Amino acid sequence: MKVILANDGIAQEGIVLLEKEGFQVKNTRVAEEQLANYINTNKVDALLVRSATRVDKKLIDACPDLKLIGRGGVGLDNIDVKYAESKGIKVFNTPEASSESVAELVFAHLLNGVRFLHDSNRNMPLDGDSQFKQLKKSYSAGVELKGKTLGIVGFGRIGQATAKMALALGMEVLYTDHHADETTLTLSFYNGQTIDFSLQKSELKDVLANSDFVSLHVPSQDTYLIGKKELGLMKPGAGIINTSRGGVLDEVALVEALENNHLAFAGLDVFESEPTPEIKILMNPKISLSPHIGGSTLEAQQRIGKELAQNVIDLLK
C-alpha cells in the first residue's frame, strides 16, 4: 500500500478519492525538523503540501524513497522543483483550483478600498455610538467600480479570472503579461448565456498609467516588480491590490505613496516579511488586510483536494 502524507492538510473529498484507490493517507502536520524522519519511518511515497511546508534540498536528500511532491495551489516557490526532479521525484501543483477564490478576494479588497470598509470596520466598534455623523462624513466620498479601469499585471489563470469579474461588473480591463499577447475571455452566466471579450496586451508602464486600480498576479520575484518608480507611474488616487506573493511589491515605497496621498488605498493578502508583517503595514488606515487567504475557501479546498488526489492516482498507480 502506497502512503501519502498531506502535511498541510487535504480536503475530505481528496482523502476519500485516494483511499478508494487503495492509498493510505496520513493527514498529519509534522514539524519541518521532524519531517524527514517521519517520511522515512512511515515509508511515505508522496508528500502533499501547501505554502506552510518547505521542501528544500536538505529534505529531498534525506528522503531517497520519496517519489512525488504535490503542492495544493498555484505557486511552487516553497519547493526546490529542479533539484527534486533531478532526483527523479515528480512535482506538480493545482494551478486552476483556487483561481475563482483569489479573484473574489481581489474584489473584496477593491470594494473595501473604494468604500472605506476596512477602516470603517475598525472605527465603528470604537466610535460608532458617539461619533456616527462624523464617521458618516469621513466615509461618504466612495467611488463606484463600474466604468473604472482595472489593470492586471500577470494574465495567467488567476489574472484572467479577475478580469472576468471586472468585465462582469462593467469595468474596462488592461493587462500585461510575458506570454499572452491577445486573449479572448468567455464570461459564463447562470442561465447558460455567454459573452466573449477580446483583449490585447499592453506594456506595464501603460497599464500602470491608465488604470484606476491595479491587481498583481505574478509568481515570486528576485527583485521588486512594483517599486517607487512604478508606483509613481500610477494615477493619483489609484489603488493597488496584491494577492500574489510578498516581495513583488515594495512595501516601503507603498507606504510612502499612501502617506503622500499619491495612492488612495492598497489591499494586501501577502507580505514581504510574512508571517510577521511590518507594523507600519498592519496599522496603516489606507490598507485593507487579509492573512494570505486567497485560495482559502471551502470550494477551493475541495477542488484542490480532488485535484491533488487525482494527480497522485494518475502518477503512482
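The values are calculated or read from the model by the stated rules, or taken from the named source; none is laboratory data. Everything numeric here is computed off the predicted structure, so don't read it as measured data. So basically every Cβ, Gly included, is an ideal-geometry build from the backbone, and we count neighbours across all protein chains shown. Ligands, DNA and RNA are stripped out before the accessible areas are found, and what is left, the full protein with its side chains, is counted by its heavy atoms. Shrake-Rupley method; radii C 1.70, N 1.55, O 1.52, S 1.80 Å.
Answer with yes or no whether N42 is surrounded by fewer than 19 Cβ atoms within 10 Å (Cβ to Cβ), over 26 Å from G246 (Cα atoms) and in contact (Cβ under 8 Å) with a residue 24 or more places away in the chain. Show your work before the answer.
On the way: surrounded by fewer than 19 Cβ atoms within 10 Å (Cβ to Cβ): yes; over 26 Å from G246 (Cα atoms): yes; in contact (Cβ under 8 Å) with a residue 24 or more places away in the chain: yes.
When the stated conditions are applied, N42 passes them.
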Is it the case that some residue within region 8-17 is out of contact with any Gly (no Cβ under 9 Å at 6 or more places or on another chain) and crowded, with 17+ Cβ neighbours inside 10 Å? no
Would you point out which residue out of A161, A238, A180, A168 is out of contact with any strand residue (DSSP E or B) (no Cβ under 8 Å at 6 or more places or on another chain) and among the aliphatic types (A, V, I, L, M)? A161
Working only within region 217-266, note down all residues that are open to solvent by 20 Å² or more (accessible area, probe 1.4 Å), among the β-branched types (V, I, T) and outside any loop (DSSP other than H, G, I, E, B). V252
Can you tell me which residues in region 199-216 are open to solvent by 30 Å² or more (accessible area, probe 1.4 Å) and closer than 24 Å to L289 by Cα? D212
Any residue in region 213-241 that's over 14 Å from K148 (Cα atoms): show its pairings with residues that are of a type in the set (D, E, K, R) and buried (at least 20 other Cβ atoms within 10 Å of the Cβ) at Cβ separation under 7 Å, as long as the two are six or more apart or on different chains. P219/R245; S220/R245; Y224/D250; I226/D250; G227/D250; K228/D250
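Does A36 qualify as being closer than 20 Å to N93 by Cβ and out of contact with any strand residue (DSSP E or B) (no Cβ under 6 Å at 6 or more places or on another chain)?
Judged against the criteria, A36 is not a match.
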Out of all the residues in region 147-157, is one or more farther than 23 Å from I226 by Cβ and either under 16 Å from the mean Cα position of the chain (by Cα) or without any contact (Cβ under 8 Å) to a residue 60 or more places away in the chain (or both)? yes
Among all residue pairs at least 6 apart or on different chains, which show Cβ distances below 6 Å where the first residue, located in region 110-124, is among the acidic types (D, E) and the second is outside any helix (DSSP H, G or I) and open to solvent by 60 Å² or more (accessible area, probe 1.4 Å)? D119/P285
Hits in region 77-95 - residues which are in a loop (DSSP other than H, G, I, E, B), surrounded by fewer than 16 Cβ atoms within 10 Å (Cβ to Cβ) and either at negative phi or at pLDDT below 90 (or both): D77, K87
Complete set of residues in region 45-59 that are more than 17 Å from A97 (Cα to Cα) and open to solvent by 10 Å² or more (accessible area, probe 1.4 Å): D45, A52, R54, D56, K57, K58, L59
Considering residues that are without any contact (Cβ under 8 Å) to a residue 40 or more places away in the chain and assigned to a loop (DSSP other than H, G, I, E, B), the number found within region 48-76 is 7
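Out of all the residues in region 293-315, which are over 13 Å from I15 (Cα atoms), open to solvent by less than 60 Å² (accessible area, probe 1.4 Å) and among the β-branched types (V, I, T)? Quick ask: steps written out before the conclusion?
From region 293-315, those over 13 Å from I15 (Cα atoms) are 293-300, 314-315; that's our starting set.
Next, only the ones that are open to solvent by less than 60 Å² (accessible area, probe 1.4 Å) stay: 294-295, 297, 300.
Of everything in region 293-315, just one residue is over 13 Å from I15 (Cα atoms), open to solvent by less than 60 Å² (accessible area, probe 1.4 Å) and among the β-branched types (V, I, T), namely T297.
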Scan region 81-90 and give yes if some residue there is touching a Lys or Arg at 6+ places or on another chain (Cβ under 6 Å) and not aliphatic (A, V, I, L, M), otherwise no. yes
The one condition in (1) farther than 27 Å from D77 by Cβ; (2) at pLDDT 95 or above that L249 fails to fulfil: (1)
Count - residues of region 267-292 that are touching a residue at least 40 places away in the same chain (Cβ under 8 Å), of a type in the set (D, E, K, R) and open to solvent by 30 Å² or more (accessible area, probe 1.4 Å): 1
Selection from region 19-68 of residues that are out of contact with any helix residue (DSSP H, G or I) (no Cβ under 6 Å at 6 or more places or on another chain), closer than 25 Å to T297 by Cβ and not hydroxyl-bearing (S, T, Y): E19, K20, K26, N27, R29, L47, V49, R50, A52, R54, V55
Reported set for region 176-201 where residues are in contact with a helix residue (DSSP H, G or I) (Cβ under 6 Å, 6 or more places away or on another chain) and among the aliphatic types (A, V, I, L, M) is L185, L187
